[in-house]
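Below is one structure, written out as structure tokens, with a few remarks after it.
The values are calculated or read from the model by the stated rules, or taken from the named source; none is laboratory data. Model, not experiment: these values are computed from the prediction. Here the Cβ positions follow ideal geometry from the backbone for every residue, glycine too, while neighbour counts run over all protein chains shown.
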Amino acid sequence: MDSILNFIKPELLILVPVLYCVGLGLKRSKLSDRWIPLLLGAAGMGLSALYLLADGVAQASISAVCQRLFAGITQGILCAGCAVYVHQIMKQTGKNGESA
């Protein structure tokens, strides 16, 4: 987990608990569990890309926009992965060794 956190930009680490909470809300909905990681990934990519694009609004070149968009997508995937990982750890440790 520590090595993954080295790859996530510190300002985007807030997305991990945000996506975790979104995942809990999706879990309570009638949505099938198999869609939750995909939706969290999409939300993470969108939110991180939005942040990184807004942060670099002064750089209007196509290259800079593409770089920030790519960074947003990869950062979003990492943040969503951490949120799902945290959920699974909490679920596994809360069941006294039973598999989830």
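Pairing each residue of the range 59-84 that is closer than 17 Å to G44 by Cα with any residue that is at pLDDT 90 or above and among the aromatic types (F, W, Y), provided the two are 6+ apart or on different chains, yields C-beta distances under 7 Å for A83/Y20.
From the list A54, A80, A64, A42, exactly one residue is surrounded by fewer than 18 Cβ atoms within 10 Å (Cβ to Cβ) and closer than 22 Å to L24 by Cα. Which is it? Only one candidate qualifies: A42.
Going through (1) in a helix (DSSP H, G or I); (2) over 14 Å from the mean Cα position of the chain (by Cα) one by one, Y85 falls short only on (2). Comparison of S99, S29, S63 shows that the only residue that is polar (S, T, N, Q) and modelled with pLDDT of 90 or more is S29. For the range 1-50, a residue qualifies if it is among the aromatic types (F, W, Y) and either assigned to a helix (DSSP H, G or I) or over 21 Å from G72 (Cβ atoms) (or both), and the qualifying residues are Y20, W35.
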